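What follows is a single structure, written as structure tokens, with notes after it.
The values are calculated or read from the model by the stated rules, or taken from the named source; none is laboratory data. Predicted model, so just to flag it, every value in this text is computed and none were measured. Please note: Cβ atoms are built from the backbone with ideal geometry, for glycine as well, and neighbour counts cover all protein chains shown.
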Amino acid sequence: MKKTNENRDIEFFYEIGQLRLINRMWRRFFQSETSNVAEHTLRVIWVALALAKKEKVVNEEKVLKMALVHDITESRTGEVDYISRQYADLKEELAINDMLNDTVLEEDFLEVWKEYEKRECIEAKIVKDADNLDVNLELMEQRIQTISDKFIKPREVLVKPKLYTKTAKKYWSLISTADVHDWHVLGRNRFNEGDWKKKSKK
């Protein structure tokens, strides 16, 4: 007896939850914590939205859907790093079909995933740019690990020229020169607004 759409929807929800348990494989090079697939996806969504705004892309819903779906096949295929992908035979199309089969999301997201893989529309290019920018953001966060330099320099030569949008290229340069601690050092904190703020002399 074929399962109802509602049952498949629930199964899908549980499977998506597994993405938080799938570590990005390059953590073996850093030998420290790196983002899992769910965490990576969350930041890709926000970066993609920012790129879409700056690039004046109207269809933000499509950008959001592509960012949401861009890596979910890793629930089935696993996540591979730059070494593993030389040997792994990832059956991503089979994975996405099996994951979405008979769910209420199948029609919309299967089509969006296929468009993303082609990298032809501006939305797909923006999401791929966001995907690459997230990697650089994490590399900058890992600066205390000296091996990050081994990745940053080659990516300047091999990945930066492949960015599609002007905004992504600008963000790339800003990421490379930004201090990863500015968000909390320059923002509201105990030093400038809280209980550690120096009392002004009258």
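Of all residues in segment 82-115, exactly one satisfies the criterion of being in a helix (DSSP H, G or I), over 24 Å from Arg8 (Cα atoms) and of a type outside the set (S, T, N, Q), namely Arg85.
Summed over segment 122-149, residues that are without any contact (Cβ under 8 Å) to a residue 12 or more places away in the chain and farther than 15 Å from Thr34 by Cα total 1. Tell me, please, whether a residue that is buried (at least 17 other Cβ atoms within 10 Å of the Cβ) and closer than 30 Å to Lys166 by Cα can be found in segment 80-103. No: segment 80-103 contains no residue that is buried (at least 17 other Cβ atoms within 10 Å of the Cβ) and closer than 30 Å to Lys166 by Cα. In segment 17-30, the residues that are within 15 Å of Gln142 (Cα to Cα) form Cβ pairs under 6 Å with partners that are assigned to a loop (DSSP other than H, G, I, E, B) and at pLDDT below 75, at six or more places apart or across chains, as follows: Phe29/Ile147; Phe30/Gln145.
If only one of Glu107, Glu111, Glu74 is of a type in the set (D, E, K, R) and under 18 Å from the mean Cα position of the chain (by Cα), which one is it?
Details: Glu107 fails: under 18 Å from the mean Cα position of the chain (by Cα); Glu111 fails: under 18 Å from the mean Cα position of the chain (by Cα).
Sole residue among the options that is of a type in the set (D, E, K, R) and under 18 Å from the mean Cα position of the chain (by Cα): Glu74.
Of everything in segment 26-48 that is surrounded by fewer than 18 Cβ atoms within 10 Å (Cβ to Cβ) and over 11 Å from the mean Cα position of the chain (by Cα), the residue that is modelled with the highest pLDDT is Glu33. One residue alone among Arg8, Arg20 is farther than 25 Å from Leu158 by Cβ and either of a type in the set (Gly, Ala, Ser) or touching a strand residue (DSSP E or B) at 6+ places or on another chain (Cβ under 9 Å) (or both), and that residue is Arg20.
Among the residues of segment 18-27, is any under 19 Å from Asp102 (Cα atoms) and among the β-branched types (Val, Ile, Thr)? No: zero hits.
Of all the numbered requirements in (1) free of Cβ contacts under 8 Å to residues at least 40 places away in the same chain; (2) not in a helix (DSSP H, G or I), Glu79 misses one, and that requirement is (1).
Within segment 120-150, the set of residues being surrounded by 12 or more Cβ atoms within 10 Å (Cβ to Cβ) and part of a loop (DSSP other than H, G, I, E, B) comprises Cys121, Gln142, Arg143, Gln145, Ile147. Cβ-Cβ contacts under 7 Å between residues 6 or more apart (or on different chains), taken from a first residue in segment 42-64 that is free of Cβ contacts under 8 Å to residues at least 40 places away in the same chain to a second residue that is assigned to a helix (DSSP H, G or I) and among the charged types (D, E, K, R), are listed as Leu49/Glu60.
Of the residues making up segment 151-182, those that are outside any helix (DSSP H, G or I), of a type outside the set (A, V, I, L, M, F, W, C) and in contact with a Lys or Arg (Cβ under 9 Å, 6 or more places away or on another chain) are Tyr164, Thr165.
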